[in-house]
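S.K.: For reference, the structure I am asking about is given below.
The values are calculated or read from the model by the stated rules, or taken from the named source; none is laboratory data. Just so we're clear, the structure is a prediction, and the values are computed from it rather than from any experiment. Neighbour counts are summed over all protein chains in view; Cβ atoms, including those assigned to glycine, are modelled from backbone coordinates with ideal geometry. The accessibility values were calculated without ligands, DNA or RNA, using every heavy atom of the protein model including side chains. Shrake-Rupley method; radii C 1.70, N 1.55, O 1.52, S 1.80 Å.
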Amino acid sequence: MSGTAPLSQASGPLAGKLVVDLSRALAGPHAGMMLGDLGARVIKVENPDGGDDTRGWGPPFVDTPEGRESTYFLSCNRNKESLRLDLKSEDGKETLRELLRRADVLIENFRPGTLDRLGFDPATLEELNPRLIVLAISGFGHDGPEGRRAGYDQIAQGEAGLMSLTGSGADDLQRVGVPIGDVLAGIHGAYGVLAALLEREQTGRGKVVRTSLLSSIVGVLAFQGTRWTVGGQVPEAQGNHHPSIAPYGLFRCAGGAVQIAVGSEGLWQRFAAGFGLPAADERWKDNQSRVANRSSLIEAIEAVFAETGSEELLARLEAAGIPAGRVRSLDEVFAWEQTRSQHLLLDIEHPTLGRIEIPGSPLRFFDSDGTETTRLRHGAPPRLGEHDHSIRDWLGEDRWLGESAMAGAGVAGSAAGSGAP
């Protein structure tokens, strides 16, 4: 049975669903945030001694009269309520049991086996609530010879091959500038939960959904993966130019750079004609030739671009019908009217920071006539323990512990299965 409290009435595709989020750091919290965006009530269970690890990750922090707030925490915990529970205490375990009896989804990203040791193994969870869907996110998978490894994003980027593809060359390997393994694991986890909810409509029973940082990165290697598995080539980092299409990448111009994507022969003919390049040159006559002779092509294009500033160059490229763009800094991205037109910034009221803007959901919902039908939730990330009283009142408990009794060890000693900067 799912349940909601009056304070959490919401619309959206998942309205009426209850998610209990035991996860920390980023992968699991990102999945929970996505489900909250869609209208689910998400109760974030936190260690009484400091809460989610990301509450202490910074700088930057923002100081308030009531303490400092981590901008990292704000990035992945909108639309949630915070409940402090010591899961090593019997009181904490009993409160969790009460939540799980009502829940539709449980999210956890402990190391494999940790939840079992806390007394919530799969058989126990099924006995508590046979309709419960469990999303378990790990670093490298829940089985296999290295299934018990802790998962941290940069380590997973390296182990899953992503860093070998990223950077200017083999001697300059780079991590992606956001914790992409964590974020992808969260996205894949939410996707799995939605599939399990749909299946539950037919079976009446829950499912355990598992994903990992490793599987989420390997699962999106796309054409780079098949370059090896089918083509027998080991891809390497080669900077800001596409390994299989040319010209496609970042090109220097007067005072800056622009990006172009010449992804078809028709575009190549237009681009060459518009910028005085010999389209029929044997080195560049087709895409395969251009890829093989990429260095000479880049040199020729940058020679043509050298006397033109980026704004004028972008205007010429647009007039010629060539896909092109600039590289924006994040302040420029969030000031950009196109970003704002897509509702990618949320204006929310935070309990200590006041009115703030945070990045929002990438989803929007429309009727066939183009009318936007569903406004996704815009709830502020919670303060630690902000909803302790209201959640316990809703559960009908009379065992309120008080903050002084709740400052125990919690579950901090259990290394996270996934999620790190």
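S.K.: To the nearest 20 debye, what is the magnitude of the charge dipole of the stretch 124-164 about its Cα centre, counting +1 on the Cβ of each Lys and Arg and -1 on the Cβ of each Asp and Glu? Mind dumping the intermediate values first?
M.R.: Values: 3 positive and 6 negative charges, 11 e Å.
That gives the stretch 124-164 a dipole magnitude of about 60 debye.
S.K.: I need the phi-derived Karplus couplings for the stretch 34-41: 6.51 cos²θ - 1.76 cosθ + 1.60, θ = phi - 60°, integer Hz, Gly and Pro marked x.
M.R.: Each residue's phi maps through the Karplus curve to give 4, 5, x, 3, 7, x, 5, 7 Hz.
S.K.: Answer with one residue from Leu14, Pro323, Ser289: the one whose Cα lies farthest towards the positive end of the charge dipole of the chain, charges on Cβ with Lys, Arg +1 and Asp, Glu -1.
M.R.: Among Leu14, Pro323, Ser289, the one farthest towards the positive end of the dipole of the chain is Ser289.
S.K.: My understanding is that a pair violates if its Cα-Cα distance is over 19 Å; which of Lys44/Lys93; Lys93/Lys207; Lys17/Lys93 do that in this structure?
M.R.: Lys93/Lys207; Lys17/Lys93
S.K.: Return a whole-number percent for the relative contact order of the chain, with Cα pairs under 8 Å and 6 or more residues apart as the contact set. Before the final figure, lay out the partial values.
M.R.: Working: 820 pairs, mean separation 98.1, N = 421.
Answer for the chain is 23 percent.
S.K.: With semi-axes √(5λ) of the Cα gyration tensor in Å as the read-out, I listed (1) 46, 24, 20; (2) 67, 34, 18; (3) 35, 28, 21; which label goes with the value calculated from this structure?
M.R.: Computed from these coordinates, semi-axes √(5λ) of the Cα gyration tensor in Å corresponds to label (1).
S.K.: Using Cα pairs closer than 8 Å and at least 6 residues apart in sequence, work out the relative contact order for the stretch 1-140, in percent. It would help to have the intermediate numbers written out before the result.
M.R.: Values: 246 pairs, mean separation 37.1, N = 140.
It comes to 26 percent, rounded to a whole number.
S.K.: May I pose another question? Dipole of the chain, Cα-centred, from +1 at each Lys and Arg C-beta and -1 at each Asp and Glu C-beta, to the nearest 20 debye? Working shown, then result.
M.R.: Numbers: 42 positive and 56 negative charges, 136 e Å.
Roughly 660 debye for the chain.
S.K.: Can you give the accessible area per residue of the chain, in Å², using a 1.4 Å probe? Working shown, then result.
M.R.: Details: 19850 Å² over 421 residues.
Result: 47 Å² of accessible area for each residue.
S.K.: Can I ask one more? Using a/c under 1.5 as the rounded threshold, could you call the stretch 206-305 rounded, prolate or oblate? The axes a ≥ b ≥ c are square roots of the C-alpha gyration tensor eigenvalues, and prolate needs a/b larger than b/c, oblate otherwise. Walk me through the numbers on the way to the answer.
M.R.: Numbers: a/c = 2.76, a/b = 2.12, b/c = 1.30.
Because a/c hits 1.5 or more and a/b exceeds b/c, the stretch 206-305 counts as prolate.
S.K.: Of the chain, which part is the longest with no chymotrypsin sites (Phe, Trp or Tyr not before Pro) in a loop (DSSP not H, G, I, E, B) and with at most 13 other C-beta atoms within 10 angstrom?
M.R.: 1-335
S.K.: If you don't mind, there's one more thing I want to ask. Could you list which residues have their amide H under 5 Å from that of Leu106, counting only those 5 or more apart in sequence or on another chain, with H placed in the peptide plane?
M.R.: Val20, Ile133, Val134, Leu135
S.K.: Collect residues whose amide H, placed 1.01 Å from N in the peptide plane, falls under 5 Å from the amide H of Leu346; neighbours closer than 5 in sequence don't count.
M.R.: Ile358, Gly360
S.K.: What's the FRET efficiency of Ser341 with Glu90 using the Cβ-Cβ distance as r and R₀ = 35 Å, to the nearest 0.05? Kindly include the intermediate steps, with their values, before the conclusion.
M.R.: Working: r = 52 Å, r/R0 = 1.49.
It comes to 0.10.
S.K.: Set Lys and Arg Cβ to +1 and Asp and Glu Cβ to -1, take the dipole of the chain about its Cα centre, and tell me which of Ile187, Trp336, Val62 lies farthest positive.
M.R.: Farthest towards the positive pole: Ile187.
S.K.: Separate question: If each residue of separation counts as 0.36 nm, what is the full-extension length gain between Phe365 and Glu302 once their alpha-carbon separation is subtracted? Don't skip to the answer; put the middle values down first.
M.R.: Details: separation 63, 0.36 × 63 = 22.68 nm, distance 4.23 nm.
Additional length available on full extension: 18.5 nm.
S.K.: Moving on to the next point. For the chain, with the dipole built from +1 on Lys and Arg beta-carbon atoms and -1 on Asp and Glu ones, taken about the Cα centre, which of His30, Ala272, Leu132 lies farthest toward the positive end?
M.R.: Highest projection toward the positive end goes to Leu132.
S.K.: OK, next. Under 8 Å for C-alpha pairs, at least 6 residues apart: give me the relative contact order for the stretch 108-187, rounded to a whole percent. Provide the component values of the computation, followed by the final result.
M.R.: Values: 71 pairs, mean separation 17.6, N = 80.
That works out to 22 percent.
S.K.: Have a look at the DSSP beta bridges in the chain and tell me what percent are antiparallel, nearest 5. Working shown, then result.
M.R.: Numbers: 23 of 45 bridges.
Approximately 50 percent, going by the DSSP bridge assignments.
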